[in-house]
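Below is one structure, written out as structure tokens; the observations come after it.
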Amino acid sequence: MIHSLFLVNSSGDIFLEKHWKSVVSRSVCDYFFEAQERASEPENVPPVIPTPHHYLISVLRHRIYFVAVIQSEVPPLFVIEFLHRVVDTFQDYFGVCTEAAIKDNVVVVYELLEEMLDNGFPLATESNILKELIKPPTILRTVVNTITGSTNVGEQLPTGQLSVVPWRRTGVKYTNNEAYFDVVEEIDAIIDKSGSTITAEIQGVIDACVKLTGMPDLTLSFMNPRLLDDVSFHPCVRFKRWEAERILSFIPPDGNFRLLSYHVSCQNLVAIPVYVKHNITFREGSSQGRFELTLGPKQTMGKGLEAVIISSQLPRGVLNTNLNPSQGTYNFDPVTKLLSWDVGKINPQKLPSLKGSMSLQAGASKPDENPTINIQFKIQQSALSGLKVNRLDMYGEKYKPFKGIKYMTKAGKFQVRT
Amino acid sequence: MLSMSTNNLSYNDQGGSDSAVEVGQETTPTSSNAGFGLFSTNFKKNDDLKEMLESNKDSLKLDAMKRIIALIAKGKNASELFPAVVKNVASKNIELKKLVYVYLVRYAEEQQDLALLSISTFQRALKDPNQLIRASALRVLSSIRVPIIVPIMMLAIKEAASDMSPYVRKTSAHAIQKLYSLDPDQKEHLIEVIDKLLKDKSTLVAGSVVMAFEEVCPDRIDLIHKNYRKLCNLLVDVEEWGQVVIITMLTRYARTQFTSPWKEDGQFDENSETAFYESDEKKTKNGDEKKSYMMDPDHRLLLRNTKPLLQSRNTAVVVSVAQLYWHLAPKHEVGVITKSLVRLLRSHREVQYIVLQNIATMSIQRKGMFEPYMKSFYVRSTDATHIKSLKLEILTSLANEANISTILREFQTYVKSQDKQFAAGTIQAIGRCATNISEVTDTCLQGLVLLLSNRDETVVAESVVVIKKLLQTQPTQHSDIIKHMAKLFDNIAVPMARASILWLMGEYCERVPQIAPDVLRKMAKSFTSEEDIVKLQTVNLAAKLYLTNSKQTKLLTQYILNLGKYDQNYDIRDRTRFIRQLIVPNEKSGALGKYARRILLAPKPAPVLESTYKDRDRYQLGTLSHTINTKASGYLELSDWPAVAPDQSVRNVEVIEPVKEWAPSLGKTGKSKLSKSSDDKFYSDSGEEEEEKDKGSGSSSSDDSSSSSSSEESSSEAESDEEKSSSPSSEESDKSSSQSEKSSSESDSEQKKKTTKKPPQKKTVKPTAKDSDSDENGNVAKEASSSSAEETSSGSDSGSDADSHSGTERKKKTKSKAKPKVEVKSTKVVSLLKEVSLLDLDDFNPTPVTRPKMSVLSPSLLGDLEGLSLSNISSTIQVSGPAFVPEKRHDLLHRMAGKGLSAHYQFPRQPCLYQPTMVSVQISLTNTSDHPLEQIHIGDRSPTGLHMHCFNTIECLLPDASVTVSLGVDFNDSTQAANFQLCTKEDQFSVSIQPAVGELFLPVTMTEQDFRKEQGKLLGMNESSATITMAAENTTSQPISRQVATVANLGVVPSGQDNIHRFAGKTASSGAVVLVTVELRGESTALITINTEKSVMGPMLLRDLKWALAQA
């Protein structure tokens, strides 16, 4: 299956290589570099590149390319999914997945990669199992290790790998037993010039942070499970129970995990929580353009819009901007032509606006398309679809856990065409 | 990094000045290490590392290894450190060991001779009692790509494949692939192992062994038959990566084994969405319409069991299920995958790319599937280019009369996109829509013409090209457009577009007689500065005009032809010469000249604007080959449906007769199984509970399938009966239906059969032991006999191999291995031989073995070696006689309850004569009534799997007479009671024998040293201990021995120390070693330690012992 893995940074250097079978020369990456050169943007490198003897399957995350070398037929998603799992694991271990973090922890990285694949076939990808095998480096542990000479490699053997619930490690103990669930919904939308919605849909996830002693068996029920149109579960969720009763029943992994992701059925009309008034014009023959943008809340169910950020890729002809925000800060990068405006909170009484002029390249013709505006925002304490958790029960353990649930709505890919 | 540097500094004093420099450099942050590596000479650095590795401080070694790993990670060569590193392979420090493994696997191929030094370490670790250590040893051993150790690997794999731990078996499945890639000649042997592992019921193993199957012998589809249903049923509980592999394999399997569920006429209802809608409407009626087709219940089973996996969080699993439905499900059921695929579009960019590709292929054939989700394919400005173009592709495929206006409006936005490549793609898409949907052709054409005045060259060029194609398909009056394009000609610089316009002029020159010559005139002027493709078209245009309008253009044409004649490009020169000969009449021109007009101005077929994904479905969806649109190496073709389904009974797991024989006694297995599992809860290592669960789900679903299949079958039967009751075909269908009914009932009983077979397997996996059991009971399983035959043959092979090596060495090894599994069965013997290391370089620390022991054991062993088929006779040899036989009698049947028959039982603690796995029980029967009792015998028993050797029927028992009979009961190493019925002629009495845990053992003799060694293997979870306060009388050796012997049938092990008493035994059924140590501590306290792999029995025995020793 997966023959080798190369980690390539944005400047095109291979800074880590790992082989699970015979060594594949790193010159195989030349094909990748060629493709990288051809691509205008880093994102445009095709994920699958055939070469005479190998196939390169790559993912790009945190500005690092993870290039897997394949020799024979294998479902490409299998590899892609695995690579993403690798990145997730690194992130889990080191907090960030950057070139520096990987280089600093190269031994742990190597140990992890060794455990995750055997002969190119995934062996242990559950983070709970990996953490039993190899303890994540923390500052405290580093200090302790220095003093005592002990290591990051777990002494005890990962029995979880063999159990019926491979995602949960054994012998979990906490003094404070807590279970937190975050219902996070993202709204994807395309709004057209006139402000009408072209497409809008809501995708949600329930992320959990469960710190419970022993082997708790949890059930989570919803007030309105019918809202969920299409769902995918963490392997711990008992599918039969969901099919029959629309109840999530599971023995949770220890720590953070994604319990569920769902899609809200598209029959329900999606309330768009924000509107944008815009007036962006370029005049033929003039080297000036007008730029006006006003934001306002709309159908937010009384909750405030927070952490609003506007970003827009302005046309290549724009040399610079001279804008005046009524609140927040704005920034224009003349090289990438990326305009970003950190608005912050929207006050319905005093709508934020960004007005001013753009200077265009002299003599250049007027750009034929107005830029698209991407909006990010957050609405706390509300799930846009109206999904509500009914109750959470625990079986199998005696103690009383502390339970918490939080709702949040975020903008996903929210675009306004102008 | 911090820790490393401080460590280094602390050892500095010993290191000397050289290393001080080194250390100083090393303290610089790692990021600069790469640069540092360049400046320092490599060998000097390595010297330093070598020194560190050779020190006797683990921390120094560890630091060295960490630096070496960092070198490897950067792709630097660290191979000359091999000898220094390999020395540490047996280190006690786990992290150090792991890093050495990493190094070893990386460089073993380059340093084959030195790598051999490490082999013995792994061979030793392969015998470790801890399954995880065994597994990791096998993992590393098989990863060392050194051809010389192939035989060792082969042996290790074979042995691991029958390991009791599913995790080790999983590792062996991985090792199969590694060995195969190292030495393909081993294929046949490996297939045997694969076959064996395929039968494994653990979910851990399933995915890995199927992977091995795919890699080694994907064509051996016959190996799957018997495991097909099991795989289907296990699938949900297999880990996600295994699911992908199994699903892909089962897709291929199903295509060879089942008949097509698709309608005969429209196997691919291409482009006929109407057909799809029809089938949609008629979904409910489908059943009535397609009487002829009846889905195989196994086919249904696969579809049903994969469906829940569409909810998996793993995108690879979802897509593999999607492709399974696409390739296997009836057309009207494929719809279920749509939602899940659309959901994946929220995932990472790379995932989107693959999913969109698959959707693109699907949407060409089945627009209806994705049309409701059209908006999910709208392009966002932030999408990557390849994703944009895929979305465009799908939108184009989805376009129909109803939604085209929406789509075109959307396209209008895209055309204006800043990403010009994407805009060009959109124009092509518009062109395709225009050809596919005739209603909008004109609108599209107008729109495209408007685009001709676009400022961007690529957009204009693309429009020209598309318009050209459109005009060709619509050879009506479009001279306006052509004129318009001629006007634009001067402004267009893109060669392809210019060439297209020229071609259009030439082709339709009769429609624009005024303009064409003028264009030609302009071209004549700029001919020399044009691109090649434009020049060629200019020549073409000139020729065509010459033929239609020679008056105006003769001179121009000659001029152009002259220019062409001396062009730098040979293509153009060639074309010019050809055209000249063709059109200019001269004396040499032959017959061809007459036809010049017909040649050049022939009506040309319109180009077909079609998707690049049109033919992609020749590859299995979701595969690499599908993604790159060429056959990847190792791609396995998906075969077409067979016209006639192959025999479906091949998937039935058992032969019919024995099952029937067993049927009456199978009823109550469930109960015993359940209690068994609860017993085994402690048994933390293997996936028992998992298995239980699987079995539960498996049996339930197979029940389902059988019921559904039978109902289906019966309906078909009825129908066919109605239709033509006398025709041979109906007879056939009758037969087949009855057959399949039979098979379904069989599969039912199979499930139960599996359960009955479970207990023997649970202990230590010994297939032949199991087989011999069933043989005795007259249950001749076909596979069993064949597998045992295989075993024997392989056994003799390895035997001869081993002979070539030094005899003493072998004996030592063999014997040391032999002891733990004292009752030697034929498989055991085979495995013993396998354990003989072919390459034992381990001279440094020979395993401690004592001489006298060897002489005791070896004869029996040799006996076993000679006669592999003699299974059990020799096994009793090491078993010693009981140290003590308790007199205690237990009531079996009270005389009141037994209507005068009273029965007592006791354990004589003698090895059972009937079968060594049984515990012998003496029953004394007394007739207390006043009439003779006749025909006393044993009736029904439970659990049904209970193996019991009954006594012969006692014909008559006179009043006041008593008789003692003996009985053999296989308790399966559990204290679960054996229930059976004691019958007389008139009555039946239910009785039960409840063994104390101590009675399930057989005493063995061994030396103290052996005891310690065995104990060393059974640490950790295999050990249970307790400190007790003993009664005062029990503090000396005599009473202790007596008390222990009373409680448990164990043998005394001579002890060197006065305060430590040791006892040893083995369990009757599985022969697992049980070791008891009583260590006196102080006045009246003692530490009891019990070591046994039977983790349920350990604590129970401990409890009994505590109780006994605390008592006076």
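No value in this document is a laboratory result; all are computed from the given coordinates. Bear in mind the structure is a predicted one, so any value in this text is a computation, not a measurement. Every residue, glycine as well, gets a Cβ built from its backbone with ideal geometry; the counts of neighbours run over all protein chains shown.
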List the residues whose amide H sits under 5 Å from the amide H of B:Ser633, counting only those 5 or more places along or on another chain, with H placed 1.01 Å from N in the peptide plane.
A:Glu73
Mind listing the long-range amide H neighbours of A:Leu319? Cut-off is under 5 Å, sequence gap 5 or more, other chains count too, H placed in the peptide plane at 1.01 Å from N.
A:Ser359, A:Leu360, A:Gln361
Which angle from 0 to 90°, rounded to the nearest 10, does the C-alpha axis of helix A:139-148 make with the longest principal axis of chain A?
30
Distance violations [Cα-Cα > 32 Å] among B:Lys50/B:Lys187; B:Lys525/B:Lys604; A:Lys388/B:Lys230; B:Lys535/B:Lys604; A:Lys398/B:Lys127:
B:Lys50/B:Lys187; A:Lys388/B:Lys230; A:Lys398/B:Lys127
Between A:Ser196 and B:Lys631, what is the label-to-label distance in nm when each label sits 7 Å out along the Cα-to-Cβ direction?
5.2
Can you sort A:His263, B:His332 from fewest to most other Cβ atoms within 10 Å of each residue's own Cβ?
B:His332, A:His263
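Chymotrypsin sites (Phe, Trp or Tyr not before Pro) within the range A:344-400: which are DSSP loop residues with at most 13 other Cβ atoms inside 10 Å?
In loop regions of the range A:344-400 (DSSP not H, G, I, E or B), the sparsely surrounded chymotrypsin sites (Phe, Trp or Tyr not before Pro) are A:Tyr399.
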Phi to ³J(HN,Hα) by Karplus 6.51 cos²θ - 1.76 cosθ + 1.60 over the range B:206-212, Hz, x for Gly, Pro
3, x, 5, 6, 5, 4, 4
What FRET efficiency, computed as 1/(1 + (r/R0)^6) with R0 = 35 Å and r the Cβ-Cβ distance, is obtained for A:Lys406 and A:Thr294, rounded to the nearest 0.05?
0.70
Which links in A:Lys193/B:Lys416; B:Lys92/B:Lys1013; A:Lys406/B:Lys391; A:Lys277/A:Lys345; A:Lys350/B:Lys416 stretch past 25 Å when you go from one Cα to the other?
A:Lys406/B:Lys391; A:Lys350/B:Lys416
Within the range B:179-227: Cβ-based charge dipole about Cα centre, in debye rounded to nearest 20 (Lys, Arg +1; Asp, Glu -1)
320
Kirkwood Rh and Cα-based Rg: tell me the resulting Rg over Rh for the range B:405-564, rounded to two decimals.
1.01
Proximal charge balance of B:Gln552 [Cβ under 11 Å; K/R count +1, D/E count -1]
+2
Using Cα atoms only, what is the angle between the long axis of helix A:76-94 and the major principal axis of chain A, expressed in degrees (0 to 90) to the nearest 10?
80
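Set the Förster distance to 60 Å, then compute FRET efficiency between B:Glu1083 and B:Asp640 from the Cβ-Cβ distance, nearest 0.05.
Approximately 0.10, to the nearest 0.05.
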Taking the Cα centre as origin and putting +1 on Lys and Arg beta-carbons and -1 on Asp and Glu beta-carbons, what dipole magnitude results for the range A:216-304, to the nearest 20 debye?
260
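Stick to Cα atoms and the Kirkwood definition of Rh, then tell me Rg/Rh for the range B:291-430.
1.04
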Efficiency of FRET between B:Leu223 and B:Ser260 - r from beta-carbon atoms, R0 25 angstrom, step 0.05:
0.55
So, with points 7 Å from each Cα along the Cβ direction, the A:Ser40-B:Ser438 label distance in nm works out to 3.8
Could you state the orientation-averaged shadow area of the convex hull built on the Cα atoms of the range B:479-586, in nm² to one decimal?
6.0
Filter the trypsin sites (Lys or Arg not before Pro) in the range A:314-348 to those in DSSP coil with at most 15 other Cβ atoms within 10 Å of their Cβ, and list the result.
A:Arg316, A:Lys345
Would you compute, for the Cα atoms of chain A, the largest minus smallest coordinate along each principal axis and list the three values in descending order, in whole Å?
73, 57, 46
For the pair B:Leu601 and A:Gln361, how long in nm is the line joining their label points, each one 7 Å along Cα→Cβ?
4.7
C-alpha long axis of helix A:106-116 to longest principal axis of chain A, angle in °:
70
Mean projection area, nm², convex hull over Cα of the range B:920-1031
11.2
